[in-house]
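Reviewing the structure listed below.
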Amino acid sequence: MYKYKGYDIRDIVDNSQWQNVRKSLLNNWKLKPIKNVNILKNYLKTGNGNIKFRAVRIYNYLTGTAFRIGIIKHKEIDKLKKEVKRLI
């Protein structure tokens, strides 16, 4: 399993605020990609806890299967992914 600085990624993503954000994005990417990117940016800036963990959560999400194989794509997603990768 993937780890970040010794932490299991499953433990990092096990965060109620993150899970609520993630659920709010479901089924919205095709219609509202920029709105979803802005939701993730807002979470990155104002979410609870360590910013590095918030960045890891977002990066992990944006490298998931639907993004990786191109089902979900947008230039703003690519920009955000680069931004959060620099933070981790």
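Any residue that is without any contact (Cβ under 8 Å) to a residue 24 or more places away in the chain and touching an Asp or Glu at 6+ places or on another chain (Cβ under 8 Å) - is there at least one of those in region 23-39?
Scanning region 23-39, I find no residue that is without any contact (Cβ under 8 Å) to a residue 24 or more places away in the chain and touching an Asp or Glu at 6+ places or on another chain (Cβ under 8 Å), so the answer is no.
Every residue in region 46-66 that is farther than 16 Å from Lys23 by Cα and aliphatic (A, V, I, L, M), please.
If the condition is that a residue be farther than 16 Å from Lys23 by Cα and aliphatic (A, V, I, L, M), then Ile51, Ala55, Val56 are the ones that fit.
With the structure loaded, tell me whether Ile39 is aliphatic (A, V, I, L, M) and in contact with a Ser or Thr (Cβ under 8 Å, 6 or more places away or on another chain) or whether it fails that test.
Here the answer is yes, as Ile39 does meet what is asked.
Coordinate-derived values only; no laboratory data. Predicted, not measured: the structure shown is a model, and the values here were computed from it. Positions of Cβ are generated from backbone atoms using ideal geometry, with glycine treated the same way; all protein chains shown enter the neighbour counts.
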